[in-house]
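The values are calculated or read from the model by the stated rules, or taken from the named source; none is laboratory data. For clarity, every value in this text was computed on a predicted model and none was experimentally measured. Don't worry about glycine lacking a Cβ; one is built from the backbone with ideal geometry, like all the others, and counts go over all protein chains shown.
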Amino acid sequence: MSGLGLGVAMIWFSLLVLIPLAAVVVKASGGGWETFQDAVTNKQTLAALRLTVFTSLGVTALNMVMGTIIAWVLVRDRFPGKAILDLVIDIPFALPTIVAGLVLLSLYGPGSPVGVHASNTRMAVFLAIAFVTLPFVVRTVQPVLEEMETDVEDAAASLGASRITTFRRVVLPTLVPAIFAGAALSFARGISEYGSLVLLSGNLPYRTEVTSVRMLSYLEGGDTASAAAVATILLVVALLAIVALDVIQRRVARRG
């Protein structure tokens with residue numbers, strides 16, 4: 001039975017993930033090494049890659065901090081409207097990304113009700129990626145906090161440990177794997193974002209154009225090999241980031 005289950009799981013995983021990814025790499029390799037070289041050295045593509053990767057890294061770092069704080073508040077604090085806040089956290093998951101872009105445009109575009117006009121700027125890219133990736137760290141850390149017993153924290157406090165020391169030495173080592181797992185998901189989601197950016201960022205070459213929009217430009221021009229090459233580069237970046245985050249979290253957990 002276990003062998004049958006493994007076989008079904010691998011077939012389904014291959015159909016959904018492995019075969020499509022392999023097809024992208026094969027399509028990119030069909031254009032030869034020159035296709036990759038042109039994609040990397042093209043100034044417009046390079047600018048889009050740089051903006052996408054570094055903005056996603058910044059958003060991921062912010063999510064690691066704010067996502068952990070939000071998860072802590074949802075689990076450990078009691079306040080009116082907690083259930084509503086817990087529900088609202090998942091809205092970026094439920095909204096179509098183009099709808100998210102429309103929401104962000106109405107909030108941070110021309111005539112902003114909060115007085116923040118960020119459309120057609122790099123801040124718009126940051127806000128859009130932050131919006132769609134917010135729930136990842138929250139939802140990976142929250143279950144871990146809910147399963148944690150407070151006895152050890154109470155014992156540390158009774159021995160004179162401050163709240164900061166208790167959190168750093170007792171709570172944080174347990175949360176580190178969940179935080180970094182959410183960070184990996186957040187980064188991978190951020191570098192692939194498209195829908196929420198279309199309306200707000202303006203897709204200005206060399207300024208606010210992200211990699212997904214750049215790939216669409218290649219596809220619209222009929223250059224599928226270059227689009228596949230850029231997609232392969234993003235895939236490699238995502239894999240490297242996931243491996244790096246895993247290594248870091250293991251070291252942090254070991255030291256904690």
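Things to note:
- Residues in segment 93-110 that are among the hydroxyl-bearing types (S, T, Y) and closer than 19 Å to F136 by Cβ: T97 only.
- Checklist (1) over 17 Å from A181 (Cα atoms); (2) over 14 Å from the mean Cα position of the chain (by Cα) applied to W72, failing item: (1)
- In segment 97-121, the residues that are modelled with pLDDT of 85 or more and either within 19 Å of I69 (Cβ to Cβ) or assigned to a loop (DSSP other than H, G, I, E, B) (or both): N120, T121
- Matching helices (runs of 4 or more DSSP H) fully within segment 122-207 where at least 2 residues are under 30 Å from T45 (Cα atoms), touching a residue at least 40 places away in the same chain (Cβ under 8 Å) and hydrophobic (A, V, I, L, M, F, W, C): 122-147, 172-191, 195-201
- Matching residues, segment 40-88, being over 25 Å from S186 (Cβ atoms), assigned to a helix (DSSP H, G or I) and not β-branched (V, I, T): K43, Q44
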